[in-house]
Amino acid sequence: MGLIAAAIAVGLAAVGAGIGNGLIVGRTVEGVARQPELRGTLQTTMFIGVALVEALPIIAVVIAFMVIGQ
Amino acid sequence: MTEYSQMIRRYSQYTLYVLALFVMGWGVTSYKSVFLGLILGTVFSLINLFSTYRKVNRVGQAAVEGKKAKSLGSLTRLALAALAVAIAMRYPESFHLVSVVIGLMVTYIIILIDSILQTLRFK
């Protein structure tokens, strides 16, 4: 049961992060390709977005490990 | 120095300040395992920060040159977090598990607070 719980936790978090990261990276690449001089600003925004999106799956991985370890 | 690398430098600077505080807490107080866990988590968090920096930079470079970037390195970062937790679970007498998790979140908290402050400053 613990394994299933861990798998569901990591899987759902990874799906959410994948969708979020895809949206962020897609729009940033579009913007940079259109205006290469704005690369620094767009990369900064992208970095903050990617970092904040990835915080949740990391928590999910940790929770999954804690569930498996019990 | 570009705006992007300036930002990373600021974040790593703040993270190192926090890490120094944790090391001081480990040396001075009697909560050894809690502060050791925080130190472990913060070190892995710093590695994650640099990994994100390199990958995002590579994606930006690829977008400018019209090439393809293979990945954003999400799996590496998740595996690093899992490694930190595995170390904490392997040696529970040295590392407090919850403080490792809090340590892993240090850079994200710093990024959140700093971006809010920057937005307020340039409003």
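When B:Gly37, B:Gly73, B:Gly103 are checked against the criterion of being within 11 Å of the chain's Cα centre (by Cα) and not aromatic (Phe, Trp, Tyr), a single residue qualifies: B:Gly103.
A:Ala51 passes every criterion in (1) within 16 Å of the chain's Cα centre (by Cα); (2) in contact (Cβ under 8 Å) with a residue 60 or more places away in the chain apart from (2).
The set of residues in segment A:22-49 that are in contact with a helix residue (DSSP H, G or I) (Cβ under 6 Å, 6 or more places away or on another chain), at the interface with chain B (Cβ under 7 Å from one of its Cβ atoms) and not hydroxyl-bearing (Ser, Thr, Tyr) comprises A:Val29, A:Val32, A:Ala33, A:Pro36, A:Arg39, A:Gly40, A:Gln43, A:Met46, A:Phe47, A:Ile48. Any chance segment A:15-23 includes a residue that's over 20 Å from B:Ala86 (Cα atoms) and of a type in the set (S, T, N, Q)? Within segment A:15-23, one or more residues are over 20 Å from B:Ala86 (Cα atoms) and of a type in the set (S, T, N, Q).
Scanning segment A:9-17 for any residue that is out of contact with any strand residue (DSSP E or B) (no Cβ under 6 Å at 6 or more places or on another chain), modelled with pLDDT of 90 or more, at the interface with chain B (Cβ under 7 Å from one of its Cβ atoms) and farther than 25 Å from B:Glu65 by Cβ turns up at least one such residue. Residues in segment B:20-36 that are within 22 Å of B:Ala84 (Cα to Cα), small (Gly, Ala, Ser) and at pLDDT below 95: B:Gly25, B:Gly27, B:Ser33. If you go through segment A:55-70 and keep only what is more than 7 Å from chain B (Cβ to nearest Cβ) and under 15 Å from the mean Cα position of the chain (by Cα), you end up with A:Leu56, A:Ile59, A:Ala60.
Check B:Tyr17, B:Tyr4, B:Tyr91, B:Tyr11 and return the single one that is at pLDDT 90 or above and within 20 Å of A:Thr45 (Cβ to Cβ). Criteria check complete, one pass: B:Tyr11. Counting only residues that are among the aliphatic types (A, V, I, L, M) and more than 19 Å from A:Gly20 (Cβ to Cβ), segment B:53-78 holds 2 of them.
The values are calculated or read from the model by the stated rules, or taken from the named source; none is laboratory data. Small disclaimer: the values here were computed from a predicted structure and weren't measured. Glycine also receives a Cβ, built like all others from the backbone with ideal geometry; neighbour counts cover every protein chain displayed.
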